[in-house]
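I have placed the structure first, in the form of structure tokens, so that the comments after it can refer back to it.
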Amino acid sequence: MSSPTKVAIAVVESVGHVLVGTRAADVPLPGMAEFPGGKCHPDETPRSCAVRECREETGLMVTPRDHLATATHTYDHGTVELHFWRCHLTPDLPDLASAAKPFRWVKIEDLSALNFPEANAEVLSMLAGS
Ligand SMILES: Nc1nc2c([nH]c(=O)n2[C@@H]2O[C@H](COP(=O)(O)OP(=O)(O)OP(=O)(O)O)[C@@H](O)[C@H]2O)c(=O)[nH]1
């Protein structure tokens, strides 16, 4: 069996909000809510990958704070090992700094109304309890 694809996810928090996007129509899990993230390059740590993917997708520079969870999940499109990193905006950025579309800030208490991929369940529970 092939090893899971390593993916890093940035859970970016700012004054009670989290950065959330919507997956494009032409990728696996189209239209679902997502945190910024993507596949790690060879020899790239998930921590560094979370920062890079966040910058590429949202235009925002973040500082990784702590590792929230690792979740392995098998979808129809493959098995992924998701490394969730809680991140903050770098100090030069204002609270709720504007992000490239389709990313926007969602209040933590409103996350449960969104349709996230199954592998996000544990982290969403952690955020709801924080
Ligand atoms: N970005 C992101 N991916 C997630 C989340 N939850 C989740 O299960 N995934 C899964 O993690 C994988 C990330 O793949 P991706 O397609 O976004 O990664 P990528 O941007 O590097 O893809 P690419 O190499 O095709 O450009 C997908 O299988 C996706 O379904 C999430 O919250 N954010």
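FYI, it's all coordinate maths here, none of it is from the lab. Since the structure is predicted, the reported quantities are computational estimates derived from the model, not experimental observations. Backbone-built Cβ (ideal geometry, glycine too); neighbour counts: all protein chains shown.
Things worth noting here:
- Annotation note: Cβ proximity below 6 Å between a residue of the range 1-29 that is near the ligand (Cβ under 9 Å from one of its atoms) and a residue that is among the acidic types (Asp, Glu) (sequence gap 6+ or interchain) occurs for Gly21/Glu34; Arg23/Glu34.
- For the range 71-83, the count of residues that are at negative phi, aliphatic (A, V, I, L, M) and more than 10 Å from the ligand (Cβ to nearest atom) is zero.
- Hits in the range 31-49 (condition: near the ligand (Cβ under 10 Å from one of its atoms) and either touching a residue at least 60 places away in the same chain (Cβ under 8 Å) or assigned to a loop (DSSP other than H, G, I, E, B) (or both)): Met32, Ala33, Glu34, Phe35, Pro36, Cys40, His41
- Looking only at the range 50-63, residues that are in contact (Cβ under 8 Å) with a residue 24 or more places away in the chain and either more than 9 Å from the ligand (Cβ to nearest atom) or in a loop (DSSP other than H, G, I, E, B) (or both) come to 9 in all.
- All conditions in (1) surrounded by 14 or more Cβ atoms within 10 Å (Cβ to Cβ); (2) touching a Lys or Arg at 6+ places or on another chain (Cβ under 6 Å); (3) over 13 Å from Phe35 (Cα atoms) hold for His73, with the sole exception of (2).
- Considering the conditions (1) loosely packed, with under 11 Cβ neighbours inside 10 Å; (2) touching a residue at least 24 places away in the same chain (Cβ under 8 Å), Leu82 is excluded by exactly one of them, (1).
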